[in-house]
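Only one structure is covered here, and it is reproduced in the block below.
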Amino acid sequence: MKAVIPAAGFGTRFLPLTKAQPKEMLPVVNKPTIQWVVEEAVDAGITDIAIITGEHKQSIEDHFKPTKKLESTLENLGKFEELEKIRKLNDIANLEFIIQKEQKGLGHAILCAEEFVGDCPFAVLLGDTICVGNPNCTKGLVDLFTEKQASIFSVEEVTLEETKRYGIVSGEKVGEGIMLVKDLVEKPNPEDAPSLLGIQGRYVFKSDIFTHLKMTNSGSGGEIQLTDAMNSLSKVQQIYSWTFNGKRYDIGTMKDWFQSHIELSFESEFSQVLKEVIKKL
Ligand code: UTP
């Protein structure tokens, strides 16, 4: 299976922070968000990965590119631990970088990977979203895809006030945390929301999704919405949702960015440093 990581958006909600700094490059603990996302795909057993990026986001590609000068400097200085970290990153996966020339939405970003994906099923991981848990969210979806042989995506319970920020799904429960999806609505007002299950940013699709993305009309702002294409797919073939019980952080919001940094630092080798900082507040 291959994976596609859309990371080409302008990040307008996070300006001025994202003017020259892609939100996918914002640090969480000691690495950029996009590295967390690539590692999740790799831990799920996926090594062929396309990152959809933009001309304004060269630093994403640079992060994974070999840096000969830095490597030889580290070698000469005898900094072998650091050297190993950098070299591991160079070989993390077979990465391909695809430029989305115009920011026409998430659906359009995924369409940019059609040739890369071909006819295979593929995972999609939003480049600005970190998921942690056991099982790893993408791994959980890949396993369920293998079992069901149908497109599947992760959801989480949101509050009534939050439905306006999510794609919301409804359907028929067919297993523990698994639903056969009947309807998907993009960012409904609370009174129109068919449930409180919000789409999270991890998916495994059959390649048929491309046909539905191409049929989807661009909405307001000229964007092609992935949720609309998924809704169209759900009318002709089975598509499932799975409630992920781990944690999900949308790094495009200040709250989740802070929270991810603090919570994940507590679980890292830096927990002691963080505790000392907090004690002094
Ligand atoms: P978002 O809608 O959260 O990101 O898309 P955005 O468009 O960058 O943010 P705002 O709304 O302007 O603040 C989720 C993911 O999809 C990518 C984003 O980079 C992000 O990782 N995306 C979004 C694309 O790759 N292309 C697009 O045209 C839009």
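The values are calculated or read from the model by the stated rules, or taken from the named source; none is laboratory data. Note that the coordinates shown come from a computational prediction; the quantities given were computed from them, not determined experimentally. Methodologically, a virtual Cβ is constructed for each residue, glycine included, from the backbone with ideal geometry; neighbour enumeration extends over all protein chains shown. Quick note on the areas: whole protein, heavy atoms, side chains included, nothing else; ligands and nucleic acids left out. Shrake-Rupley method; radii C 1.70, N 1.55, O 1.52, S 1.80 Å.
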Exercise. If you check Glu75 against the conditions, is it at pLDDT 95 or above, over 25 Å from Gly9 (Cα atoms), more than 16 Å from the chain's Cα centre (by Cα) and open to solvent by 50 Å² or more (accessible area, probe 1.4 Å)?
Worked result: yes
For this session: For Val38, state whether it is among the β-branched types (Val, Ile, Thr), without any contact (Cβ under 8 Å) to a residue 60 or more places away in the chain and closer than 30 Å to Lys275 by Cα.
Result: yes
Exercise. Being open to solvent by less than 10 Å² (accessible area, probe 1.4 Å), in a loop (DSSP other than H, G, I, E, B) and either away from the ligand (no atom under 12 Å from the Cβ) or among the aliphatic types (A, V, I, L, M) (or both), is that true of even one residue in the range 13-21?
Worked result: no
Seminar exercise, completed: Subset of the range 146-165, residues surrounded by fewer than 23 Cβ atoms within 10 Å (Cβ to Cβ), under 25 Å from Ala8 (Cβ atoms) and touching a Ser or Thr at 6+ places or on another chain (Cβ under 8 Å), comes to Glu156
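Confirm whether Lys2 is touching a residue at least 12 places away in the same chain (Cβ under 8 Å) and near the ligand (Cβ under 9 Å from one of its atoms).
In short, no.
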Exercise. Does Glu162 satisfy the criteria of being within 15 Å of the ligand (Cβ to nearest atom), modelled with pLDDT under 95, touching a strand residue (DSSP E or B) at 6+ places or on another chain (Cβ under 9 Å) and over 18 Å from Val4 (Cβ atoms)?
Worked result: yes
Exercise. Among the listed residues Leu233, Leu213, which satisfies the condition of being open to solvent by less than 20 Å² (accessible area, probe 1.4 Å), at pLDDT 95 or above, within 14 Å of the ligand (Cβ to nearest atom) and in contact with a helix residue (DSSP H, G or I) (Cβ under 6 Å, 6 or more places away or on another chain)?
Worked result: Leu213
Exercise. Any residue in the range 248-267 that is in contact with a Ser or Thr (Cβ under 6 Å, 6 or more places away or on another chain) and over 17 Å from Glu156 (Cβ atoms)?
Worked result: no
Exercise. In the range 251-270, which residues are touching a helix residue (DSSP H, G or I) at 6+ places or on another chain (Cβ under 8 Å), open to solvent by less than 20 Å² (accessible area, probe 1.4 Å) and within 16 Å of the ligand (Cβ to nearest atom)?
Worked result: Ile251, Gly252
For this session: Residues being among the polar types (S, T, N, Q), within 16 Å of the ligand (Cβ to nearest atom) and open to solvent by 10 Å² or more (accessible area, probe 1.4 Å): count how many of those fall in the range 30-72.
Result: 3
For this session: Only residues that are in a loop (DSSP other than H, G, I, E, B) and touching a strand residue (DSSP E or B) at 6+ places or on another chain (Cβ under 7 Å): list them for the range 45-72, please.
Result: Ile46, Thr47, Gly54, Glu55
For this session: Collect the residues in the range 78-117 that are at pLDDT below 95, over 19 Å from Pro22 (Cβ atoms) and outside any helix (DSSP H, G or I), keeping them in residue-number order.
Result: Asp91
For this session: Identify, from the list Ser170, Ser154, the residue that is free of Cβ contacts under 8 Å to residues at least 40 places away in the same chain and either of a type outside the set (D, E, K, R) or in a strand (DSSP E or B) (or both).
Result: Ser170
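Residue by residue, here is whether (1) touching a residue at least 12 places away in the same chain (Cβ under 8 Å); (2) within 13 Å of the ligand (Cβ to nearest atom); (3) open to solvent by 10 Å² or more (accessible area, probe 1.4 Å); (4) of a type in the set (Ser, Thr, Tyr) holds:
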{"site": "Glu84", "(1), (2), (3), (4)": "no, no, yes, no"}
{"site": "Ala93", "(1), (2), (3), (4)": "yes, no, yes, no"}
{"site": "Ile98", "(1), (2), (3), (4)": "yes, yes, yes, no"}
{"site": "Gly105", "(1), (2), (3), (4)": "yes, yes, yes, no"}
{"site": "Ala109", "(1), (2), (3), (4)": "yes, yes, no, no"}
{"site": "Ala113", "(1), (2), (3), (4)": "yes, yes, no, no"}
{"site": "Thr129", "(1), (2), (3), (4)": "yes, yes, no, yes"}
{"site": "Leu141", "(1), (2), (3), (4)": "yes, no, no, no"}
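Conditions (1) hydrophobic (A, V, I, L, M, F, W, C); (2) under 17 Å from the mean Cα position of the chain (by Cα), marked per residue:
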position	(1), (2)
Pro66	no, no
Asn94	no, no
Gly118	no, no
Phe145	yes, no
Val155	yes, yes
